[in-house]
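Just below is one structure, and these are the notes that go with it.
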Amino acid sequence: MKHITLSENIFYVGANDRRTELFENHMELPNGVSYNSYLVVDDKVALIDPVEAGFFDEYLHKVKNILGNRKIDYLVINHDEPDHSGSIGAIIREYPEVQVVGNAKTFAPLEAFYGPITNKLVVAEGETLNIGQHTFQFFMVPMVHWPESMVTYEQNTKIVFSNDAFGGFGALNGGIFDDETDISFYEDDMRRYYANIVGKVAGPTLKAIQKLGGLEIKMIAPSHGLVWRSNLQWVLDKYIQWSSHQSEEGIVIVYGSMYGNTARMADIIARGAAKAGIKNIRVYDVAKTEVSFIMSDIWKYKGVIIGACAHYGNMFPNMNLLTHEIVEFKPKDKVFGLFGGKTWGGGGLKTLTKIAEENQWDLAAESVEVQGAPIREEDIDRLYNLGKAIAEAVKA
Ligand code: FEO
């Protein structure tokens, strides 16, 4: 196989993971994920961010195919999370003299995961490391995604190795660079990655983008997903949009329903919203669709309507994870609507209302609770009007 080059002496040596079912053991990966790593060959040799532990053999084969018997001098760790750092122990065993490069916050978690690291090089904000024709400059981007996160900028080629930032789910299907593939295929998986991993730290992400704005950047090489060299403005615009909570016109309706009555309510609400002119409406059963997909659409669209049937005086249990994620990640620029189903004393709407009040969700319409099935004209009207009112708030 031909080597994949970002520039004459910078090689892509990442791996595709299509076998892991759940990223971080809770987010589905229908299209897989890539662990990107980069090898820079110069007077010295540097490896930038390794791969998840299970891919080490494939990874080492790629590295040795390029390097032959040359040694690796530096292993740059931009981020400690094990999806990247997982093979660090195996690399050190293979190349015992390698110097591990990180910042002041890098090594404590790394050693807590993998044991003592003796050969360290600690770099600070703006510091450089020259390896010949290439000079790395390090910039701290705390909380994108962990406190120790940093990016590495190569001054000669003007490539920024951005780690999680600008990354996305989706294994790389032959096209490694943005101009080798249809980037619209990756957009949903990029936003889902953003909404469930980076979105919690949208503020620090915006700051990181501003910080890097002073650099001349010709390529963005993240640790997941496509390498960006032709559509830099496209990916920057997406990240700025998502990080500054700019919602698009549309409504996400999510329900938790045991016997289909609350589901029927969702359909009536959706019809009301559609008749009011909203074209992008996504209706989800919270017990069926894994929450990261729902969060991705909630990040995208302005309207969010949530409904739950009652369960022992509380709400349908699967709804707890979704509301937890909304409370944790705090997507902004939203208008909310609530509904619920009850047979006896209720609890679905009551719990949702409490969460909405505690977290100051902008409730743009009167909430609707229905006893039993939505079969009475009056209940149907109230549900229909809830969809219509949220649609009008979204369009306002
Ligand atoms: Fe891809 Fe936060 O690790």
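Counting every pair of alpha carbons in the range 115-235, the share spaced more than 22 Å apart comes to 37 percent. Length gained on full extension, GLU24 to GLU58: 10.1 nm, using 0.36 nm per residue less the C-alpha separation. Summing Lys and Arg as +1 and Asp and Glu as -1 over all other residues whose Cβ lies under 11 Å from the Cβ of GLU111 gives a net charge of 0. Taking the Cα centre of the range 79-135 as reference, the dipole from Cβ charges on Lys and Arg (+1) and Asp and Glu (-1) amounts to some 140 debye. Compared with the alpha-carbon gap, the fully stretched path from THR289 to ALA112 is longer by 60.2 nm at 0.36 nm per residue. Farthest towards the positive end of the charge dipole of the chain, among the residues ILE390, TRP299, TYR255, is the Cα of ILE390, using unit charges on the Cβ of Lys, Arg, Asp and Glu. Remark: for residue pairs LYS354/LYS395; LYS120/LYS207; LYS238/LYS332, the C-alpha separation exceeds 19 Å in LYS354/LYS395; LYS120/LYS207. Under the convention that each Lys and Arg Cβ holds +1 and each Asp and Glu Cβ holds -1, the size of the dipole of the range 304-396 around its Cα centre is about 120 debye.
Quote the Stokes-Einstein diffusion coefficient, in whole µm² s⁻¹, for the chain, based on the Kirkwood radius over alpha carbon pairs, a temperature of 20 °C and a viscosity of 1.002 mPa s. Using the Kirkwood radius from Cα pairs, D works out to 95 µm²/s. Helix 184-193 axis versus longest C-alpha principal axis of the chain: approximately 80°, rounded to the nearest ten. Cross-link pairs exceeding 32 Å in C-alpha to C-alpha distance, out of LYS302/LYS350; LYS62/LYS288; LYS62/LYS105; LYS288/LYS388; LYS275/LYS300, comprise LYS62/LYS288.
For the range 44-102, rounded, prolate or oblate, judged on the Cα gyration tensor with a ≥ b ≥ c (square roots of eigenvalues), a/c < 1.5 rounded, else prolate if a/b > b/c? Judged from the Cα gyration tensor, the range 44-102 comes out oblate (a/c at least 1.5, b/c at or above a/b). Helix 319-329 and the longest principal axis of the C-alpha atoms of the chain enclose an angle of approximately 50°. Each of SER7, TRP146, HIS84 was scored by the projection of its Cα onto the charge dipole of the chain, and the greatest displacement toward the positive side belongs to TRP146; charges sit on the C-beta of Lys, Arg, Asp and Glu.
Stretching the chain fully between GLU97 and ASP237 yields a gain of 46.3 nm (0.36 nm per residue, less the alpha carbon separation).
Packing-based ranking of 301-307, 73-79, 92-98, 183-189 yields 301-307, 73-79, 183-189, 92-98, ordered from highest to lowest mean Cβ neighbour count within 10 Å.
What is the local net charge at LYS342, summed over the other residues whose Cβ is closer than 13 Å to its Cβ (Lys, Arg +1; Asp, Glu -1)? Overall, the nearby charge balance is -1.
Comparing GLN137, GLN210, GLN246 in a Gaussian network model of the chain (Cα springs below 10 Å), the most mobile by mean-square fluctuation is GLN210. Charge dipole (Cα centre; +1 on Lys/Arg Cβ, -1 on Asp/Glu Cβ; no other charges) of the chain amounts to roughly 540 debye. Could you tell me whether the range 243-396 comes out rounded, prolate or oblate from its Cα gyration tensor? Rule is a ≥ b ≥ c as square roots of the eigenvalues, rounded for a/c under 1.5, then prolate if a/b exceeds b/c, otherwise oblate. Oblate is the answer for the range 243-396, as a/c is 1.5 or above yet b/c matches or exceeds a/b.
A dipole drawn for the range 325-383 from +1 and -1 charges on Cβ atoms has a positive end, and of GLY340, GLN371, THR351 the residue lying farthest that way is THR351.
Rule-based calculations on the coordinates, nothing more; no lab input. As the structure is a prediction and not an experimental result, all values here were calculated from the model. Don't worry about glycine lacking a Cβ; one is built from the backbone with ideal geometry, like all the others, and counts go over all protein chains shown.
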